[in-house]
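Scroll down for the structure; my scribbles are underneath it.
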Amino acid sequence: MKRIYYISALILMAVSFASCLDQDPKDQLTEEEMYDNATNIYVNAVATLYNYIGGSAESEGLQGTGRGVYDYNTLTTDEVIIPVRGGDWYDGGFWTNLYLHQWTENDASLYNTWTYLYKVVMLANKSLAMIDKYDYRLTEQQKLVNNAEVRAVRAMFYFYIMDMFGRVPVVTSYDTPHTEVRQSGRSEVFRFIFEELQSVLPYLPTGKSNKEGNNYGRVTAPVAYFLLAKLALNAEAYSDDNWIDGIRPDGRNIFFEVDGNRKNAWETCIYYCNKLAESGYTLESSYAANFAVNNENSSENIFTIPMDKNLYSNQFDYFFRSIHYNHGGAYGWASENGPCATLSTVKTFGYGTAQEDTRFALNFWVGKVVVDGKDVVLDNGTTLEYMPLEVKLDLTGSPYEKTAGARMAKYEVDRTAYSDGRLPNNDIVLYRYADVLLMKSEAKTRNGEDGTSELNEVRSRAGMSGRAATLENILEERLLELVWEGWRRQDLIRFGKFHQSYDLRQRISGEENGYTTVFPIPKRTLDLNKNLTQNPGYHS
Amino acid sequence: MRNLHLIPLILFLMGSVTVGAQVQHTRELQDTLSVSGSTEVIDQKSFSKRLANNALEVLNGQAAGVNVTVNGADRMAMLNSVRVRGTTSIMGGNDPLVIIDGVTSSIAALSMIYPADIESFTILKNAAETAQYGSRGASGVIEVKTKKGTGGGFQISYDGNYGFERMSDYIEMLDAPAYVATAKRLGLEYNDGGYNTNFFKSITRTGGVQNHHLAFSGGSEASNYRASFGFMDHNTIVRSNDYQNLVAKLDVTQTAFDGRLTGNFGVFGSSQKAHDLFDVQKLFYSAAVQNPTFLDGPDAEGRWRVNSGASQINPPGLLLKEKNDAKNLIFNTHLRLTYAIIPDLKLSVFGSYSYNSNELAQFCPTWVWAQGNIYRGEFKSEDWLGNVSLNYRHMWGIHHLDASVSGESQKQTATGFWVHAKGITNNEFGYDNLGAAASRPYGGTGSSYADPSLGSFMTSITYRLYDRYSFSATVRADGSSMVGEDNKWGFFPSVSAAWDVHKERFMQSQRFISMLKLRTGYGRSGNLGGISSYITLDTGQPNGLVSAYGSPTVTMAALKNANPDLKWETRSTFNVGFDLGFWQNRLVLTAEYYYSKTTDMLYEYDVPVPPFAYDKLLANIGSMSNQGLEIGMSVTPLMKKDMELNINMNLSFQKNRLISLNGMYNGMQMSAAPVTPMGYLYGAGQKGGDNAVLYQIVGQPLGVFYLPHCKGLVDDGHGHLSYDLADLDGNGKVDLSDGGDRYIAGQATPKVTLGSNISFRYKNFDVALQVNGAFGHKIFNGTALSYNNMASFPDYNVMKGAPERNIAGQNVSDYWLESGNYVNFEYLTLGYHIPIKSPFIRSLRVSCSINNLATITGYSGLTPMINSYVVNSTLGIDDKRNYPVYRTYSLGLSIQF
């Protein structure tokens, strides 16, 4: 009998064990808890997405970090180069390959960039689903504005995806089965983004996103205007479903419905540029003010990545990675001595000539560097001197191996920054009004109008004499004004120059058809989704 | 009486024969099982003679299939390196289960136990043997039995040793005159600090190690105790790297009610302090390539100089000022009550509690890190375990039956909190005053809580006929809180059989063979070692800090793709083997073949983004196999009253294969990348540019070298030679990326490992020599690749001979892939039993040892004894992180009163 007692005791234990296996996490929130009221729905469904505008890891963030959106749009152009400097910056040829357009579908960074961009899209889709699911906790108006803001963020990310990869899947629902993820033509994706932005515009907050306060860092209506203007300006490239056939649609024949009117691409661009002027944006009297340590009150910046070394983890690596070791050392930081201006950029700025553009000194360190009233010296006691004209693709063995090239000086140096200068307080400028003026000037010019006043508004702020608004001058002005701000690849493509030889770069074989104007779909992405096909020109 | 001498020998090799002789109430169930298993017991006789700082060193080389990497003094690396029959899971759970006197423990705890407290290790490898531990024992079990009171009256013993450690080898770099001369010859600008410093010498010292251990025991057969106290102090050869360990242990055994009730009570406590190196690789890398003309210390102006172009290193002396300290406190206690309801039926109740606290503190001064960097963290866990079992054992005539049922419940509560701070203005506080730091950025401060639980039921039955044929079967069910809602329980059966052929009548007539046993088994076990609590739930965690409603706000998001369908990873093992003894077991041979297959293998599969938000999904899809042959040989060629020679040897042949990482999940074909990089080179110019060398490739063993092929060296047109890489796919372009011009050039894990022990006794003298070896694997000599790269000179110093080799290049290729074969003489011990005739001293022994005597290898790097077993990013890659090779000389004293 005793045995039976014990056995039943064991069975009893069994029952109690089984219930012990449930999980109730204390340090994590369930979905129900995450969206438990209107405030938390905004915080955890909408605001949560703004964590991904900037970044602190490689390939994450629209700007500020390396091997991501910014590098693919900047280091691939005639604007900047990272020469091999002896044992430094070879890195398997990664940087050289970007400059020479020899990237491949196997590049891990390209895949990481793709997954970063689409991660935000899918998180936005999830947010939309959550806003729907818990809409009984929201007023009708709250639901509309939350939904609109999420869709605006999503459209912004689709803009970068479409710009880089061309033919991409448009996924708008969180529970889309993987079998239904298929590519759309570039023009279709382009139209989708454009119309999304247009349709959410009425519900977006109208305030300025760059200013601290309720709208800080958000995609507000002016940000959407800016994106719409950009989309329209690049409509020729974005409407081109076959970008290797040498035929590109004409912007004058690409039409949009804008506030009930039918407008061509250039008119549309001008329309949204005007919207930004109406919103109160003006040029700062000083160029440098936009990049100051405390640049939150700039009247020119439209969309920025909020930076605060004590709060946010967004990084700004470009200064750190550009300046010479001893230059960083003079601030008490480490630095990486990498990127510098290309020869063609330096020449465009008129470096060393009597006509040197005033913005050259604002954007670049050249010659001797003075920190705290003292010349920065090299290890051997001689003065550090940046040599803008000594740039070569491989500087190994050159006497200027470590000193060749003009270095980034765009942002005011924040001496209180953490992490070797990578956590400064200067907000990173993504969109600003000077670009709007140049977009308008270009759209007017392309539409057969005169864009001189906009062009020269930008030039005169810089103290430079006026020029005629020819396309050539406008492209040059975009370099002078917006150098190293992440737009160069897009600009060169729009002007048909990206796939030509320039600076130290020879056109690579087969590139004449323009296939390199769109990046390959990463091989890994293709492997995981057999519905997707590679972009033309890249074999897979 | 000859056979008496043999007992330790057999113990060492088989266990199976003699386990029966040391029957303990608590071990009855397992005793019968191990008859059909290949349990290896390492008893104290085989390790007590040597200098061992911890129990892991003792294990090294002692048993076939058990690998411990004792590389330098890197304690953490060693803790993570214990493997029984290799790697069976990608996600984790490859650490063997450590059971100390029945209490679930950890390798960290094992490393703290004083070797002199250990009676024996028992290694369980086959599923039938590990069945009693279920999922926890999926990767093998190391059972540790500690010494208990003998019941033979009061005894006291002291064991101690003292030793010192000297650097015996390091990588020779250019000294200052050669550095300057080379730079001049090449016309390169260089810095001359005017000194000639050997930085390996400046960061090292003569290390010291001492151990003291005192134990006393007493009582009677019915009631006895043993208490012990141990202290270890180890200053390694690297300045600022030292360890201290204090352990105390008490065991009490009491029987009552005419011996029907037995109670075992034990407590174990240990406190360990470690001053680890903050960044091992950076320290040794910096020591190697720092400009040798600089002073080891600040110059006249107080500056620590380093070539400003050498951005990847710091002055080595400064790196020693970084702190990385750990305090580990372990307390555990257990109570076991065994009650004989009737003589054949016993009820056993076992409960244990362990508390583990880990305090970590790191400090990086402003000299090395702008604004400094401070980290404090505390991680604590409490483990409760309860087990009730009922054992029935009956013999009638030729039959012998053993049956048991048991239930077990385990609950863990793990909590942690941590703070990162920076923005300090002076370095005086170290990590002791966080308030002096200006900034605690987002993400640097946090706390966590997890409470996984595990429940199990087991029933097992063993039947023996004629004491010759044995058959056993076990069924167990394991339930875990961590797996998906519908897959909580896994069922894991096992069967085994053994035949003691020698006991057959037809064997009795011959004298040649003294032992012959055959055994086989098959079983399944579950593993969840790679996953953590809440991984199946779609929960929200902080994902960042943004401005919302005008103020900084922490937002929440799911940080992973959740998989609610996760289930148990299952491993099936088949084994067959024999034990064969000749001439009264003067020669014993054992062999065992095993094949194990891991299915439903947990892995973070790549999933398409979109529609997934994250590119990885943890799922059960793939499979992997391990098979091997373990051979043991023990010879006693000499056995006389005054002289005895024993030679033990074990050889393991092992083959691992990643069978598949493909399959369907919810109608979706999922796979891993065909080639997945696992290990990269670090250092100047190597940051993330086609510099992966070690890969995980389906169809291959885990961890293979997948490299470009170097055809030789060619003139690079700038006066140097460079690596001439082959265009393997013949497309006219050398593509060094993952899918490009690379081929599988070898595996990182040894195909064969050898452990061998030779002991010789002459009168009161004894000599023991341990020799270990590993064969059939490759090592990527990334250290040589970096230190020969003239392109980084003179920012970074180069090896002696590099200017002559004249290579400027840093591409990885098979040029620096070398055979890793080695034979290492682990230690040599000479001991002397002083024949004292005293009423108080029962035994007195003095000994001296040399550890790490010599290595025979064709490998050109510093040492081939790098991580060749543990599948992680350092596997098989010698990349500037090796401790200089050192040798330990020690004296030991052992007294028993």
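The values are calculated or read from the model by the stated rules, or taken from the named source; none is laboratory data. Quick caveat, the model's predicted, so the values are computed rather than measured. Counting neighbours? That spans all protein chains shown, and the Cβs are built from the backbone with ideal geometry, glycine included. The protein model used for the area step is the full one, side chains on, heavy atoms only, and it has no ligands, DNA or RNA in it. Shrake-Rupley method; radii C 1.70, N 1.55, O 1.52, S 1.80 Å.
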*asked:* Set the bar at 23 Å for Cα to Cα. Now go through B:K201/B:K800; B:K517/B:K655; A:K347/A:K410 and name every pair that lies beyond it.
replied: B:K517/B:K655
*asked:* Net charge around B:A421, counting only other residues with Cβ within less than 9 Å of its Cβ (Lys, Arg = +1; Asp, Glu = -1)?
replied: +3
*List, in order, the whole-Hz ³J(HN,Hα) value for each residue of segment A:244-255 obtained from phi through the Karplus relation with A = 6.51, B = -1.76, C = 1.60 and θ = phi - 60°; use x for Gly and Pro.*
10, 8, x, 10, 10, x, 8, x, 6, 9, 9, 10
*Mind checking which lysines have their C-alpha under 26 Å from A:K263, skipping anything on the same chain fewer than 8 residues away?*
A:K230, A:K275, A:K440, A:K444
*How would A:S501, B:S792 line up by accessible area, probe 1.4 Å, largest first?*
A:S501, B:S792
*Taking amide H positions as placed 1.01 Å from N in the peptide plane, with prolines and chain starts having none, which residues 5 or more places from A:A417, or on another chain, fall under 5 Å of its amide H?*
none
*So which trypsin sites (Lys or Arg not before Pro) in segment B:496-584 pass both tests, a DSSP loop state and at most 11 other Cβ atoms within 10 Å of the Cβ?*
B:R511
_Using C-alpha positions alone, give me the convex hull volume of chain B per residue in cubic angstrom._
201
_Using Stokes-Einstein with the Kirkwood hydrodynamic radius over Cα pairs, what translational diffusion coefficient do you get for the protein assembly as shown at 25 °C and a viscosity of 0.890 mPa s, in µm²/s rounded to a whole number?_
70
*Using unit Cβ charges (K, R positive; D, E negative) and no other charged atoms, how large, in debye to the nearest 20, is the dipole of the protein assembly as shown about its Cα centre?*
4820
*Filter the trypsin sites (Lys or Arg not before Pro) in segment B:631-737 down to the DSSP loop ones having no more than 12 other Cβ atoms within 10 Å, then list what survives.*
B:K640, B:K641, B:K733
*Amide H of B:H400: which non-local residues (sequence gap of 5 or more, or other chain) have their own amide H closer than 5 Å, using H built in the peptide plane?*
B:R464
*Take the alpha-carbon centre of segment B:164-197, take the same for segment B:312-342, and report the distance between them in whole Å.*
39
*First select every other residue whose beta carbon is under 11 angstrom from the beta carbon of A:K368; then total the charges, Lys and Arg +1, Asp and Glu -1.*
-1
_Test item: B:734-745 mean partner chain Cβ contacts at 10 Å_ = 3
*Across segment B:358-368, in residue order, what do the Karplus-derived ³J(HN,Hα) couplings come to in whole Hz, using 6.51 cos²θ - 1.76 cosθ + 1.60 with θ = phi - 60° and x for Gly and Pro?*
10, 10, 10, 9, 10, 9, 10, x, 5, 5, 9
_How many angstrom lie between the Cα centre of segment B:753-772 and the Cα centre of segment B:432-466?_
41
*Near B:K411, which aspartates and glutamates are there with a Cα under 16 Å away, not counting those fewer than 8 places off in the same chain?*
A:D22, A:D24, B:E382, B:D383, B:D451, B:D478
*Return the sequence-ordered ³J(HN,Hα) values of segment B:427-442 in whole Hz as given by the Karplus equation 6.51 cos²θ - 1.76 cosθ + 1.60 applied to θ = phi - 60°, using x for Gly and Pro.*
9, 5, 6, x, 9, 8, 9, 5, x, 7, 9, 6, 10, 10, x, 4
*Please compute P(r) over all alpha-carbon pairs of segment A:319-421, binned at 10 Å starting from zero, and give each bin as a whole-number percent.*
16, 49, 31, 5
*Let me have the 222 nm mean residue ellipticity of the protein assembly as shown computed from DSSP H runs of 4+ only, each contributing -39500 (n - 2.57), with the sum over all residues rounded to the nearest 500.*
-5500 deg cm²/dmol
_Cβ-based charge dipole, chain B, positive-most Cα from B:G740, B:N585, B:T146_ = B:N585
*Under 16 Å from B:K184, Cα to Cα: aspartates and glutamates that are on another chain or at least 8 residues apart*: B:D175, B:D192, B:D795, B:E804
*What's the angle, to the nearest 10 degrees (0 to 90), between helix B:280-289's Cα axis and the longest principal axis of chain B?*
40
_Rule-of-thumb Rg ratio for chain A [Cα; 2.2 N^0.38 Å; N residues]_ = 1.07
*Would you please give the residues with an amide H less than 5 Å from that of B:D169, counting only those at least 5 places away or on a separate chain, with H modeled from the backbone geometry?*
B:V885
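Please say if segment A:121-257 is rounded, prolate or oblate, where rounded means a/c under 1.5 for a ≥ b ≥ c the square roots of the C-alpha gyration tensor eigenvalues, and otherwise the choice is prolate for a/b larger than b/c and oblate otherwise? Each step should come with its number before you reach the end.
Details: a/c = 2.48, a/b = 1.43, b/c = 1.74.
It comes out oblate by the Cα gyration axes.
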*To the nearest 10 degrees, how steep is helix B:2-13 against the longest Cα principal axis of chain B, on a 0 to 90 scale?*
40
*Just by accessible area at a 1.4 angstrom probe, what is the order of A:L528, A:L227, B:L721 from largest to smallest?*
B:L721, A:L528, A:L227
_segment B:518-561: chymotrypsin sites (Phe, Trp or Tyr not before Pro) in DSSP loop, at most 13 other beta carbons within 10 Å_ = B:Y549
*Could you pull out every whole DSSP H run in chain A that spans at least 15 Å of Cα extent along its own axis and averages -1.0 or higher on the Kyte-Doolittle scale?*
A:2-20, A:108-133, A:140-165, A:186-200, A:221-233, A:265-278, A:433-446, A:471-482
